[in-house]
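*Asks:* Here it is, the structure, as structure tokens.
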Amino acid sequence: MEQFVAAHPDDLEARSKLVRDYYLYSIKQPRLNHIFWMIQNHPESDLTSLNSVGISPRTTALNDEKDYQTAAGLWRQQVAVHGGDAHVLANAARFFGQAGADADEAERLLAAADGGALSR
């Protein structure tokens, strides 16, 4: 499957299957690398949102706090670049809205996705 994704990097269904398989077998780094790639390259995708919420703000068997901070930084970059895209804003809001994350940032992003002005 890795070879297929390498040849078809934008096939998010295949990439998500890999993320799921790495999750099921508790394989940390390749899973994170694929999720980071998805945030960087397809922040508008629901699959990116679904997979990125799997990176917890707390240390787990599949990520540590540093990994969460990396994902949060990538989402913030995407919001800065795509601040007018409601899908990107909503996906970032889902990431920041997960338990233990940043509810205030999630709320701000959701308001912006709903048509409010994005302000920091």
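Laboratory data are not the source of any read-out in this text; all were calculated from the coordinates shown. Just so you know, these numbers come straight off a predicted model, no measurement behind them. Note that each Cβ is placed from the backbone with ideal geometry, even for glycine, and that neighbours are counted across all protein chains shown.
*Asks:* May I ask you to verify whether Ser52 is polar (S, T, N, Q) and under 27 Å from Ala113 (Cα atoms)?
*Replies:* Values: polar (S, T, N, Q): yes; under 27 Å from Ala113 (Cα atoms): yes.
Answer is yes for this residue.
*Asks:* Look through the stretch 97-114, keep the residues that are touching a helix residue (DSSP H, G or I) at 6+ places or on another chain (Cβ under 6 Å) and small (Gly, Ala, Ser), and return whichever of them is nearest to Ser52 (Cα to Cα). Talk me through it step by step, then tell me what you get.
*Replies:* Residues of the stretch 97-114 touching a helix residue (DSSP H, G or I) at 6+ places or on another chain (Cβ under 6 Å): 97, 102, 105-106, 109-110, 112-113.
When the remaining residues are screened for being small (Gly, Ala, Ser), the result is 97, 106, 112-113.
Details: Gly97: 11, Ala106: 14, Ala112: 20, Ala113: 18 Å.
Going through the qualifying residues, I end up with Gly97.
Yes or no, residue by residue, for (1) basic (Lys, Arg); (2) surrounded by 14 or more Cβ atoms within 10 Å (Cβ to Cβ):
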{"position": "Lys17", "(1), (2)": "yes, yes"}
{"position": "Ser49", "(1), (2)": "no, yes"}
{"position": "Arg58", "(1), (2)": "yes, no"}
{"position": "Asp64", "(1), (2)": "no, yes"}
{"position": "Val81", "(1), (2)": "no, no"}
{"position": "Ala86", "(1), (2)": "no, yes"}
